[in-house]
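Each remark here refers to the structure printed beneath this line.
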Amino acid sequence: MTVSRLSLLCRDLWALWLLLKAGADEIMHQDIVPLCAADIQDQLKKRFAYLSGGRGQDGSPVITFPDYPAFSEIPDKEFQNVMTYLTSIPSLQDAGIGFILVIDRRRDKWTSVKASVLRIAASFPANLQLVLVLRPTGFFQRTLSDIAFKFNRDDFKMKVPVIMLSSVPDLHGYIDKSQLTEDLGGTLDYCHSRWLCQRTAIESFALMVKHTAQMLQSFGTELAETELPNDVQSTSSVLCAHTEKKDKAKEDLRLALKEGHSVLESLGELQAEGSEPGVNQDQLDNQATVQRLLAQLNETEAAFDEFWAKHQQKLEQCLQLRHFEQGFREVKAILDAVCQKIATFTDIGNSLAHVEHLLRDLASFEEKSGVSVERARALSLDGEQLIENKHYAVDSIRPKCQELRHLCDQFSAEIVRRRGLLSKSLELHRRLETSLKWCDEGIYLLASQPVDKCQSQDGAEAALQEIEKFLETSAENKIQELNTIYKEYESILNQDLMEHVRKVFQKQASMEEVFHRRQASLKKLAARQTRPVQPVAPRPEALAKSPCPSPGIRRGSENSSSEGSALRRGPYRRAKSEMSESRQGRGSAGEEEESLAILRRHVMSELLDTERAYVEELLCVLEGYAAEMDNPLMAHLLSTGLHNKKDVLFGNMEEIYHFHNRIFLRELENYIDCPELVGRCFLERMEDFQIYEKYCQNKPRSESLWRQCSDCPFFQECQRKLDHKLSLDSYLLKPVQRITKYQLLLKEMLKYSKNCEGAEDLQEALSSILGILKAVNDSMHLIAITGYDGNLGDLGKLLMQGSFSVWTDHKRGHTKVKELARFKPMQRHLFLHEKAVLFCKKREENGEGYEKAPSYSYKQSLNMAAVGITENVKGDAKKFEIWYNAREEVYIVQAPTPEIKAAWVNEIRKVLTSQLQACREASQHRALEQSQSLPLPAPTSTSPSRGNSRNLKKLEERKTDPLSLEGYVSSAPLPKPPEKGKGWSKTSHSLEAPEDDGGWSSAEEQVNSSDAEEDGGLGLKKLVPGKYTVVADHEKGGPDALVVRSGDVVELVQQGDEGLWYVRDPTTGKEGWVPASSLSVQLGPSGSAQCLSSSESSPGSAVLSNSSSCSEGGQAPFSDLQG
């Protein structure tokens, strides 16, 4: 039908085009002469011949040749042009009769007359009817002409007769006076210049009509041959181009018509018959010609308008069709995507909050998709309107309209179905929540009933009444029949939901069973005490052991029994205090565990509720803010500072959301029935919590961007749509708040799970979460370091960071620093890594929020391989020393509190111990390689490696390990001197060099030691009997301490505890305790001393002095820290 209608329309257009073409052809082929007056205007102005408009008796046109003295001088070409033009003016009918030539030679000579007649006769281009010659009027010339004409008659033989007239009256006998001009005695009004202007105007108009007709013909051909485009843009372009050309054609028509009417007015208002005196036939013919051209122009314009209307209708319908088709493609693609999206909405929810969230999601999706659906329905109505307007493409439009309606109806039906399923799921979860709440309230009721009160008859009856009243509420709160639930909600029940319903039903049944048991017990108590009982005053110790329940419990019980009000459910903290009070009067450990189980369930409930709320808040931010930043409809509200800044503003919030929504929340829900085991869930996902470190590190950038753009209309519009009372920055803080919330909940859960199976997992999970918080906090400080050229990641894990007061005390150089350091400490922020300790200067920045957070200017770093520490500095329990390259550079560090100092010293000790252990393992490896070339005596007594392991373990367990005698005395008395004669104890020493020291020869390496103020070694050096060289002064200590100087030689008597050796000075004979780290064994007369402390140790060497140090040779001196 569409093809036939389009074909019919094309045939109509073609017929109109042929009509228009015919009219134009008629215009172009009529009344158009080869020559125009404008072309020969100068020749016509000479007036040697003119067409006055007079007619002979039979209607023959009269051409007059007035007296023109220079007639013979006119060029033949000009004469021929004028003759041709004049003979072309009359109509074909008049010209067919023949022309009458009037030759006026009254003032001329006979010779001129003869020449003129002969010239005219020879070159006249049209038919001649008669030639009238007015001969010269002079007597001589007239006589001569008569004689000459008679004798030369043969020379004038022409196709028409030539009549010689003697006077004007003779001329009137041939032509009426009204058809002759005044110079020939006639009355015909003729003005040659006026005639010439009229002819020029008429011909100009005719030429304009011809050009207009040609333009219309060309334009009509173009329109008729135009093919309909296949897209909206091309169709619009064609319609616009054709409309512009049509307007131009109409303008040309208007100008032509205006010109024609102007010419017609100049010719005057004459009657069609031409009977009015003074009007000649040529004027009437001119008027008729102009009127005919005007009429044809009007007909052509009407035909063109009709043709254009059809053509325009065709193009407009084509454009409408292209718009409809384009809209159909777009809407269908959107509806297909919407239908695919809604097909993915298969989740029916696993909790009440989840179902409510899914319903909100569905409503939001329906609202967003409603725009597309309404657009589809509107497009379908537009298609129906096109069909009613008899569009030529009805067969193409109708199926598309039907498909659009089908898609819209399908979408609406699916939305209704999904909403029905979710409403059903919401109803079921509400019933389950009501049942669970009823069970919890029942458990609270049982837990809140004091056992001592129930021992009396009145108390048992009161408790029994509370239980009976509570059981009366079971009808509207509990699930009645499991099979009924399965059948009623069969459409939404999946395996997980059925399992959840079953667990709720089991919990409900278990709770009722507990109630029935309690009810039976209370009935026995109430029935047993029927006889009077002698009241006895309670003993004081009984009162102390069985306190009365709290006033809050008593009031609640009284209100419940007197008014019958509903049971109130308080937070679990209040329940915990009530449980603890009631537990004092209970004798059953089972009831105490039941109370703890209640508290654990409530901690778990809070964990799940807050987790679900957290996930929902993250989703709101991501959908309501982050996704809207990519919405083209909201782009105009975004400020330029927010373009391409979504990752800066939101960080990795999407990654956090997906982790909690898809993984963590679902795994937490698996521990609802065993909350004490929830620590395992945290431990299994502890690595995933590292994503919070990335979020927190980006938070300063996010906060800065928010402050710059917080007044952006985009945020205000999003907040309005979400109906949030708080602005976006409050929600951007949620991940930071959430990661800190976990440790509080784990602490609460651990408090109520001390004797449970998962207590160790809870403790480990709590420690891990605290470790993550510490790592996050440390990383926030670490990213604020400026000026460090290297890669901070190469320094190993960041262990600790904090602010300290630092004094410098260098032995070599730096005189000014040494003098000033004692009086003015430097404030430094220290970062302890596994491989280095960084000294930075803290700089507070101006600003608000995160911009006010400090930055740290890097000053210096110490390689941990060359660092040692002195744990105790005289005079201040908060100070300790960090020294470098055998105390070549010493930094006295004062912590804010002794606890912070102890933590730092302990952590540094662990680093140095691990380095020492690595050095020892390397030494053992080298010793094994050299065992064949260096014979070693067989060890006796205790194994050195075992002793080393014991000492290392002892080192790690101690927070402080003072090894100097001063430190030893401050913490514990020195050991008693050995008894006389005892000497060397073979049970605790090896007579030969220990295996661990095999690689510590003087030829290979030397080891660092602190000076006299340092504590001694940690006992990691095995005893070797013989003489030792003192490598460090020791002047302080207890009464049993021995004062020695560097270079002294002493003999070993006995090894003590805590790294102290009892030695004898052979020079003075004095004996006493000295730190083992201050001594170096003498290997022989030619051997050098093996030291455990040196400022020039080679790479891989290690020392443990005070808290140990491992130093490498080749370290550059530590520059001045002050800055």
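The values are calculated or read from the model by the stated rules, or taken from the named source; none is laboratory data. The model shown is predicted, which means the values in this text are computed figures rather than measured ones. All Cβ positions, glycine included, derive from the backbone under ideal geometry; neighbour counts span all protein chains shown. The area values use the complete protein model at the heavy-atom level, side chains included, leaving out ligands, DNA and RNA. Shrake-Rupley method; radii C 1.70, N 1.55, O 1.52, S 1.80 Å.
Annotations for the structure displayed:
- Residue list for segment 595-624, filter: charged (D, E, K, R) and under 19 Å from residue 514 (Cβ atoms): 600, 601
- Subset tally (residues that are closer than 30 Å to residue 268 by Cβ and surrounded by fewer than 19 Cβ atoms within 10 Å (Cβ to Cβ)) for segment 209-246: 1
- Some residue of segment 66-84 being open to solvent by 20 Å² or more (accessible area, probe 1.4 Å), among the β-branched types (Val, Ile, Thr) and at pLDDT 85 or above: yes
- When residues in segment 667-687 are screened for being aromatic (Phe, Trp, Tyr) and either surrounded by fewer than 19 Cβ atoms within 10 Å (Cβ to Cβ) or farther than 12 Å from residue 766 by Cα (or both), 1 of them pass.
- In the condition set (1) open to solvent by 30 Å² or more (accessible area, probe 1.4 Å); (2) of a type in the set (Val, Ile, Thr); (3) touching a residue at least 60 places away in the same chain (Cβ under 8 Å), residue 344 is compliant with all but (3).
- The condition (being among the acidic types (Asp, Glu), closer than 30 Å to residue 394 by Cα, touching a residue at least 24 places away in the same chain (Cβ under 8 Å) and not in a loop (DSSP other than H, G, I, E, B)) is satisfied by just one residue among 356, 325, 330: 325.
- Counted residues, segment 393-408 - those being in contact (Cβ under 8 Å) with a residue 40 or more places away in the chain and part of a helix (DSSP H, G or I): 9
- Tally, over segment 420-466, of residues that are of a type in the set (D, E, K, R), under 30 Å from residue 494 (Cβ atoms) and exposed (fewer than 15 other Cβ atoms within 10 Å of the Cβ): 4
- Residues (over 26 Å from residue 788 (Cα atoms), open to solvent by 30 Å² or more (accessible area, probe 1.4 Å) and of a type in the set (Gly, Ala, Ser)) located in segment 859-902: 875, 877
- Segment 394-410, subset more than 25 Å from residue 314 (Cα to Cα) and in contact with a Ser or Thr (Cβ under 7 Å, 6 or more places away or on another chain), residue surrounded by the fewest Cβ atoms within 10 Å (Cβ to Cβ): 405
- Selection count, segment 784-797, where residues are modelled with pLDDT of 85 or more, over 14 Å from residue 862 (Cβ atoms) and open to solvent by less than 30 Å² (accessible area, probe 1.4 Å): 1
- Number of positions in segment 81-97 that are under 17 Å from residue 60 (Cβ atoms) and either among the charged types (D, E, K, R) or in a helix (DSSP H, G or I) (or both): 10
- Listed conditions (1) within 21 Å of residue 98 (Cα to Cα); (2) open to solvent by less than 40 Å² (accessible area, probe 1.4 Å); (3) modelled with pLDDT under 75 are all met by residue 175, apart from (3).
- Residues (part of a helix (DSSP H, G or I), of a type outside the set (A, V, I, L, M, F, W, C) and touching a residue at least 12 places away in the same chain (Cβ under 8 Å)) located in segment 35-79: 41, 43, 45, 72, 76, 78
- Where a residue in segment 367-378 is closer than 17 Å to residue 414 by Cβ and open to solvent by less than 100 Å² (accessible area, probe 1.4 Å) and its partner, wherever it lies, is among the acidic types (Asp, Glu) and in a helix (DSSP H, G or I), with Cβ under 9 Å and at least six apart: 373/366
- Options 367, 299; residue that is farther than 30 Å from residue 666 by Cα, of a type in the set (Asp, Glu) and modelled with pLDDT of 85 or more: 299
- Among the numbered conditions (1) without any contact (Cβ under 8 Å) to a residue 60 or more places away in the chain; (2) within 27 Å of the chain's Cα centre (by Cα), the only one that residue 740 does not meet is (2).
- Test: residue 334 is of a type in the set (Val, Ile, Thr), in contact with a helix residue (DSSP H, G or I) (Cβ under 7 Å, 6 or more places away or on another chain) and either within 18 Å of residue 249 (Cβ to Cβ) or modelled with pLDDT under 90 (or both): no
- Top-ranked residue in segment 98-139 [being among the small types (Gly, Ala, Ser), assigned to a loop (DSSP other than H, G, I, E, B) and farther than 20 Å from residue 170 by Cα; ranked as most open to solvent (accessible area, probe 1.4 Å)]: 126
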